[in-house]
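Have a look at the structure below before the remarks.
The values are calculated or read from the model by the stated rules, or taken from the named source; none is laboratory data. Quick caveat: nothing in here was measured; it's all calculated off a predicted structure. Cβ sites come from the backbone with ideal geometry, for glycine too, and all protein chains shown count toward neighbours.
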Amino acid sequence: MNLHLDLSTLELTSYLQQQGWINNNETVQHIEKPGEGNMNMVLRIKTENRSFILKQANPFVQKYPNIPAPQERVAVEAKFYEITATVPSIKHYMPTLIGFDVEHHILAVEDLGKTADFTFIYQKGKYLTNIQLNQAVDFLSIMHNTDFNSDEFPSNLALRQLNHEHLFVYPYLEDNGFNLDTIQVGLQAVAMRYKKDEALKKKMKTLGKVYLSSGRTLLHGDYYPGSWLRTNDTLKVIDPEFCFFGDCEYDLGVLIAHLKMAQASTEQLEMVLATYEKPSWFNPRLVDLFTGMEIMRRIIGLAQLPLNLTLAERTVILAEAYELIMA
Ligand SMILES: Nc1ncnc2c1ncn2[C@@H]1O[C@H](COP(=O)(O)OP(=O)(O)OP(=O)(O)O)[C@@H](O)[C@H]1O
Ligand SMILES: [Mg+2]
């Protein structure tokens, strides 16, 4: 059966009752879009008794319907919720999983409320507090030092391959059809230096293979401010659809890249490296490589961020990323 989430309140009531996610005397009162999602169809559902979030994966990227994307990603996300819920200190940082409908690729999770994600930190003068940053690092420390069983866990390889294209390949194509001057005049010329740099491209090719290989650590896979929500209680982590068993340095490198793009202070950057509990196999060089890669792909790739940087600032941060990669 084909079922799309753009249903009437009546149809949705019957669907949710069938799933056993609401009671038989409970009805859907209100449906809204909780925030901007790119990959999936995400809705906030309100009944007389409660509110929760539904997330449906279509066989394409929601924002770019001509780009195919594996629907299994939402099953992988559900698995992440299941496996991490076994560790109370990790569960504490995430919404609770309510249910998963494998047939229709629909996930139901606890509603954390109408709250902002942390992408506001890219604005000038806006920062994470040290407490919030500590929480973001704490989540990684706990997860990366938990010995989860990877045997039954899906590889998420199809989604990773799609991501790989945007992380390691697309940004370095001289003619990928994306004119970076539409983001910022002059950016295309700055990017061209990197697109023509064969040594850099070789490094990216090697690092791309690391990303596609499997490792021992459960990763969130998209650990950036858009995956964190602010609640009264604590910073919460959502959207683990890119998760996989890989190298811990990936999550940490991505986190650091975003702090740099948000112009976090040196103190905060040092705090991350000082407080993150490094597993014995931790490789700081790999963190630098992933940090450099993430900065590059966010500034000269397709998945742009609401960055508040001048061309000169982007040029400097790109040069810094280049140094991290080539060191
Ligand atoms: N549990 C939740 N509680 C409250 N709001 C939520 C919750 N889950 C998601 N949202 C809101 O919905 C938005 C989209 O959710 P999510 O990031 O999971 O979707 P996505 O399609 O994977 O997005 P993206 O393309 O950015 O990865 C979030 O940015 C947030 O604003
Ligand atoms: Mg997502």
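Would you check if Glu77 is part of a helix (DSSP H, G or I) and within 9 Å of ligand 1 (Cβ to nearest atom)? Considered against the rule, which asks whether it is part of a helix (DSSP H, G or I) and within 9 Å of ligand 1 (Cβ to nearest atom), Glu77 comes out as yes.
Remark: Leu229 matches the filter, which requires a residue to be aliphatic (A, V, I, L, M), in contact (Cβ under 8 Å) with a residue 12 or more places away in the chain, buried (at least 17 other Cβ atoms within 10 Å of the Cβ) and touching a Ser or Thr at 6+ places or on another chain (Cβ under 8 Å). Residues in region 39-50: is at least one within 10 Å of ligand 1 (Cβ to nearest atom) and either closer than 20 Å to Gly20 by Cβ or touching a helix residue (DSSP H, G or I) at 6+ places or on another chain (Cβ under 6 Å) (or both)? So far as region 39-50 goes, yes, one or more of its residues are within 10 Å of ligand 1 (Cβ to nearest atom) and either closer than 20 Å to Gly20 by Cβ or touching a helix residue (DSSP H, G or I) at 6+ places or on another chain (Cβ under 6 Å) (or both). The residue pairs whose first member lies in region 197-216 and is farther than 14 Å from His164 by Cα, whose second member is of a type in the set (D, E, K, R) and crowded, with 16+ Cβ neighbours inside 10 Å, and whose beta carbons are closer than 6 Å, counting only pairs six or more residues apart or on different chains, are Gly215/Asp247. Applying a threshold of 9 Å to beta carbon distances and a minimum spacing of six or more residues, or different chains, the list of pairs starting in region 234-252 at a residue that is of a type in the set (Gly, Ala, Ser) and ending at one that is assigned to a loop (DSSP other than H, G, I, E, B) reads Gly246/Ser213; Gly246/Ser214; Gly246/Gly215; Gly246/Arg216; Gly246/Gly221.
For region 170-184, the tally of residues that are part of a helix (DSSP H, G or I) and surrounded by fewer than 19 Cβ atoms within 10 Å (Cβ to Cβ) stands at 3. As a summary of the residue check, Pro65 satisfies the conditions (1) closer than 24 Å to Leu3 by Cα; (2) surrounded by fewer than 17 Cβ atoms within 10 Å (Cβ to Cβ); (3) in contact with a helix residue (DSSP H, G or I) (Cβ under 9 Å, 6 or more places away or on another chain) except for the one numbered (3). The one condition from (1) part of a loop (DSSP other than H, G, I, E, B); (2) surrounded by fewer than 24 Cβ atoms within 10 Å (Cβ to Cβ); (3) in contact (Cβ under 8 Å) with a residue 12 or more places away in the chain that Met271 does not meet is (1). Give the residue, chosen from Glu36, Glu26, that is surrounded by fewer than 17 Cβ atoms within 10 Å (Cβ to Cβ) and at pLDDT 95 or above. That would be Glu26, the only listed residue that is surrounded by fewer than 17 Cβ atoms within 10 Å (Cβ to Cβ) and at pLDDT 95 or above. Tallying residues that are within 17 Å of Ala78 (Cβ to Cβ) and assigned to a loop (DSSP other than H, G, I, E, B) within region 140-169 yields 8. Of the residues Lys236, Lys201, the single one that is of a type in the set (Lys, Arg) and away from ligand 2 (no atom under 16 Å from the Cβ) is Lys201.
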